[in-house]
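Since the structure comes first, as structure tokens, the remarks are kept for the end.
Values quoted throughout were computed directly from the atomic coordinates according to the rules given, and no laboratory measurement underlies them. From a predicted model like this one, the values you see are computed outputs, not experimental measurements. For neighbour counting, all protein chains shown are included, and Cβ atoms are generated from backbone atoms with ideal geometry for every residue, glycine included.
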């Protein structure tokens, strides 16, 4: 792999592909009919996830840095790159504009911030590290590699912006090309700077020789239950994007926001507590990740009602292949 450290090419390539695959292809947001955008998604989502992981591993940062940098990537996507959360929605499933205020599609924005942070950064990064456990602590790429993938990310971001806001909107969806208000661009840039600064400055390990705090044993669900809980979490998240597209235009937006925040709170309170317990292991982590991916694949079939046959069958084949790989990797981990 070019610009990857020796013997890290497979891990780099896996993460580059896994991020857009898990976020876009498996749930069907990128369909067979639009698969030509996948290389751009590799540059933006894959390159972004790789650079975030590089910063966290190189700086030996706390796991919250992964969260803050993932949120920064999502804000960049939603406000600066494809601008989906600030542009008027091109799809209004019931012909009604839903939950739009202050020039922001705020229910859709909440879904995007959660989904993109989880399915672009957290899940692909941890899944790749589980597949390459001996390389878990490595940065995988050098400074030169980071510069290379940074340029790839910038180039991909420009293509994503131009092809969506300036070409797809007017030529495919027959709405005007979009240019966000300057105030939203400045606000988004400020938020990104704050998130990145917070990750790089305030998420560093404490120094001074403090004694480590003894880890307390907590009751962790069985692996099968972690699989189900992960799937349930992903299934409950999916209605937010349907609401964002206006499927139920009279559903109170406040309830949608509260539901999304509850899902965030559940993940934020439970997963770190489980994963720091002495009995937490790779098998449990893999079960939770597999559940989240599986739930996302299954529930998104709802969005294929009335879809073109080639798009539906492509999703069936790709999802089955992904599920087969998850099972195969599970058996390989058990042997290891």
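Per-residue ellipticity at 222 nm for the chain, helices alone: DSSP H runs ≥ 4 residues times -39500 (n - 2.57), over residue total, nearest 500 deg cm²/dmol?
It lands at -19000 deg cm²/dmol.
Would you mind calculating the relative contact order of the chain from Cα pairs under 8 angstrom and at least 6 residues apart, reporting the percent as a whole number?
27 percent
When only C-alpha pairs under 8 Å and at least 6 residues apart count, what is the relative contact order of segment 205-336, in percent?
After rounding, I find 39 percent.
Could you order peptides 74-85, 285-296 by the average number of other Cβ atoms within 10 Å of their residues, highest first?
285-296, 74-85
If you line up the long axis of helix 282-299 against the longest principal axis of the chain, both from Cα atoms, how many degrees apart are they, to the nearest 10?
Here the helix axis deviates by roughly 10 degrees.
When the distances between all Cα atoms of the chain are binned every 10 Å from zero, what whole-number percent does each bin get?
5, 24, 36, 25, 9, 1, 0
Taking the Cβ of each residue in 135, 335, 171 as the centre, tally the other Cβ atoms inside 10 Å and list the residues starting with the fewest. Walk me through the numbers before you get to the answer.
Numbers: 135 18, 335 5, 171 9.
Exposure proxy ranking, most exposed first: 335, 171, 135.
Would you mind computing the Rg to Rh ratio of segment 107-263 from its alpha-carbon coordinates, Kirkwood style for Rh?
Radius of gyration relative to Kirkwood radius: 1.02.
So how tilted is helix 223-244 from the main axis of the chain? Cα-based, degrees 0 to 90, rounded to 10.
20 degrees
Cα gyration tensor of segment 224-283, axes a ≥ b ≥ c as square roots of the eigenvalues: rounded (a/c below 1.5), prolate (a/b > b/c) or oblate?
prolate
Taking the chain as the reference, fit the longest principal axis to its C-alpha atoms, fit the long axis of helix 106-116 to the helix C-alpha atoms, and give the angle between the two in degrees, 0 to 90, nearest 10.
Helix 106-116 and the main axis of the chain meet at about 40 degrees.
Output the relative contact order of segment 27-168, whole-number percent, from Cα pairs under 8 angstrom with separation of 6+ residues. Present the calculation step by step, with values, prior to reporting the outcome.
Numbers: 120 pairs, mean separation 55.7, N = 142.
39 percent.
Fewest first, what order do 333, 297 take by the number of other Cβ atoms within 10 Å?
333, 297
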